[in-house]
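A quick write-up on the structure given underneath.
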Amino acid sequence: MKEDPMTVTLPRTQERPAPARARPGVLGRLGGLAFRRRGRVLLAWLVGLAIAFGLSSILGGDFAADYSAPGSDSKLAQDRLAQRFPARAGDSVDVVVRANTPVTDVAVREEVAALLAKLAGLPHVAGVDDPYASPGGVSADGRTLLARLNLDVANPADMPVADTERLLGAAEEASRPGLEVALGGRSIQVAEGNEVGSEGIGLLVAAVILLVMFGTVVAAGLPLGVAIAGLAVSGTLTGLVAALLDVPDWAPVLASMLGIALGIDYALLMVTRFREWRAKGLNPEDATVATMDTAGRAVLVAGGTVLVSMLGLFAMGLSFMSGAAAVTMVAVFVVLAAAVTLFPALLGYLGKWIDRLRVPLVTRKATRMGPARGWTWWNRLVRRYRVVGMLAGVAALLALAVPFLSVNFGFPDAGNDGAGTSSRRSYDAVAEGFGPGANGPLLLVADVAVAARLGAELSETPGVAAVSPAQLNPAGDTALMTVVPATGPQDAATEELVRTIRERVIPAATAGTDAEAYVGGVTATAIDTNTNIAKRLPLLIGGVVLLSMLLLMLAFRSVVIPLTAAALNLLSVAAAYGVVALALQGGWLGQLIGIDTATPLAAFIPVLMFAILFGLSMDYEVFLLSRMREGWVRTRDNGRAVGDGLASTGRVITAAAAIMLAVFAAFVPSSDIAVKVFGFGMAVAILIDVTVVRMLLVPAAMHLLGRANWWLPAPLERVLPQLHVEGRPDTT
């Protein structure tokens, strides 16, 4: 019979049923059941998707984010502002007019009046402040004007982009030579944000890598199918999470990043192991059971470490971080469910044809099973120069981490947007006309009894450029004052001014009274949030590291492996932080990713990066060490176990890391600074982890420690359960 030219054959072995052995573990039995009942499993997933979509449509909540620290001074100011000045609760848009002649000239006033009248008639504009009557509406040189549009939406995400674009269109029409009009505000930033289709780009690059990795369409399609199914279900569940918790608008991006990357990586590992079992002669069903009993266990342990890491975010005490963690954990949980149910069901349909539809131009080496000679050579090299390798690797990571020591924490603002955007032009015009502090004013809410005294004290405080007259609430018992710093919102002097007002000015003004005063605004909120995160960060790091170490100790029955893994992962995360800090300086590296100005790092980004990176690093650790432990259990030869583990997983881990790097890098073109920085940081961290750490430091450390890697005190040996993450002895 003629061989199908589109079929790739593994080394010829007689297909045979599995030899008699002990009953498979829970995952093996679940995989076998899903394989046999594959139609019902697929139907259950479709029904689950429909139910999730229906519930989310009916009960789903809206995105919301409170970036203030609970109990902080800025949070108290924000709450009092919302209660006593409800008219200021809505979102707003700044209208900035910059003219070559004084904006008080009759001709310019007429143009400004016509523009504001037109803007006032557009949808969602509840009111327009008169800049000529409002204090601080006209700059000292008379050439810049600042007006405010009050919107009827509280959340900028609720402002329809089409209506915001109408506002931008009206501003553009009013501009002429000698008169520039720019709009600023969060709604404007949202409308000007670019949609880059990051998920689609990530999936496309992943498909190419999988095709090169496996050489066949069927084998490459399985991981993509699992990832897409997980993304579809978890994406529809986001609304339900938002109904229960405050979920920021960037949380679904984070969840989709991680869901796609993990879904593909986990299925990639299992497809590789399935093909190995098939190459050994097992029929599709038995190969599926064996795959779930080996790679399936590693996937669950790896996913467990990611979930444990994400749990640490709840300890930060910030509602927006808890919401982001919950959405991401749902995505990871759905991916794990797909890996242990949907994947074996798909093998029920495609397992026999796993190596069909060979990709042209891809060498047949892509379909060969067994250790790769290149990795075997690399292992010998690392083993021979293990001390030099350890020193060089650690030195490289420490050098990369150095820029993080000088990082500037804060919230990026419109001054960090693209140079041609309306929000950036508005920001620059306000800074030029009213001073840098006008872009980050402080809002001071105080009892009316001390308002006059407080205003006088503030006017004489160094670092204060201007203080607005007190505005009273409808009840007449609370005053609101706007304090304009002399320095910009990202300047360290502004942070010092906030401390001065809180620690000296307010106590002096309220001495001898029971009056209260609080400092709020975006700048004060950023300061308080960063302080709160700094206090809780040791708790997050300690909790995540400790729980991950306990999980690794259970999985690999060793106390040494968890310690070395934790140390190396911490070094890897620190190095990634350093590269991110270097990019945020706005130099050559920052310009490569679209950051052309010195940009502060929002404190929640390194927190999110730590939680996710530590979990992902443990993922690769589990993939690698599970094969090393398999060799150790079989041979009791550490050197051989390390070599076999590295040679058998090096190609898989490299492909998995390349896919994850591509998924995260696809978010770098985003116009949202937080998303851009997070995507870049994660991509860099994956690159560092898979090269310096997994390829060099882990095998070097394992060779250095020898048999001590697998040491477990006798008392723990007796009480710890046998997880058999490397597979049951009768399976391997």
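The values are calculated or read from the model by the stated rules, or taken from the named source; none is laboratory data. Here the structure is a predicted model, which means the values were calculated and not measured. Cβ: placed from backbone, ideal geometry, glycine included. Neighbour counts: every protein chain shown.
The table that follows gives values for the structure above.
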| item | result |
| --- | --- |
| Selection status of PRO412, under 21 Å from LEU589 (Cα atoms) and modelled with pLDDT under 90 | yes |
| The range 262-291 residues that are assigned by TED's automatic domain parsing to the domain that holds GLY31, paired with ones that are among the polar types (S, T, N, Q) and outside any helix (DSSP H, G or I) (beta carbon under 9 Å, 6 or more apart) | ARG278/THR13; ALA279/THR13; LYS280/THR13; GLY281/THR13; GLY281/GLN14; VAL289/THR731; ALA290/THR731; ALA290/THR732 |
| Residue in the range 86-96 that is modelled with pLDDT of 90 or more, part of a loop (DSSP other than H, G, I, E, B) and either of a type outside the set (Phe, Trp, Tyr) or outside the structural domain of GLY348 (by TED's automatic domain parsing) (or both) present | no |
| Every pair of residues 6+ apart whose Cβ atoms lie under 7 Å, when the first sits in the range 673-699 and is not assigned by TED's automatic domain parsing to the domain that holds ALA611 while the second is in a helix (DSSP H, G or I) and surrounded by fewer than 22 Cβ atoms within 10 Å (Cβ to Cβ) | none |
| Number of the condition not met by ALA475 [criteria: (1) part of a loop (DSSP other than H, G, I, E, B); (2) farther than 18 Å from ARG453 by Cα; (3) in contact with a helix residue (DSSP H, G or I) (Cβ under 6 Å, 6 or more places away or on another chain)] | (3) |
| Residue, modelled with the lowest pLDDT, within the range 139-161, restricted to residues that are over 14 Å from GLN189 (Cβ atoms) and of a type in the set (Gly, Ala, Ser) | ALA154 |
| Tally, over the range 466-483, of residues that are under 11 Å from GLY437 (Cα atoms) and at pLDDT 90 or above | 1 |
| Qualifying residue in the range 291-302 (condition: modelled with pLDDT of 90 or more and not in a loop (DSSP other than H, G, I, E, B)) | yes |
| Helices (runs of 4 or more DSSP H) within the range 486-605 that include 1 or more residues in the same structural domain as LEU687 (by TED's automatic domain parsing) and at pLDDT 90 or above | 560-584, 588-592 |
| Flag if PRO284 is in contact with a helix residue (DSSP H, G or I) (Cβ under 9 Å, 6 or more places away or on another chain) and more than 27 Å from ASP355 (Cβ to Cβ) | no |
| Considering residues of the range 648-675 that are hydrophobic (A, V, I, L, M, F, W, C) and not in a helix (DSSP H, G or I) only, the residue modelled with the highest pLDDT | VAL668 |
| Qualifying residue in the range 457-464 (condition: on the phi < 0 side of the Ramachandran plot and touching a residue at least 60 places away in the same chain (Cβ under 8 Å)) | no |
| Selection from the range 494-507 of residues that are among the aliphatic types (A, V, I, L, M) and surrounded by fewer than 11 Cβ atoms within 10 Å (Cβ to Cβ) | none |
| Residue within the range 105-115 that is under 17 Å from ASP152 (Cα atoms) and in contact (Cβ under 8 Å) with a residue 12 or more places away in the chain present | no |
| Filtered residues of the range 508-520 (kept if surrounded by fewer than 23 Cβ atoms within 10 Å (Cβ to Cβ) and under 25 Å from PHE434 (Cβ atoms)) | TYR518 |
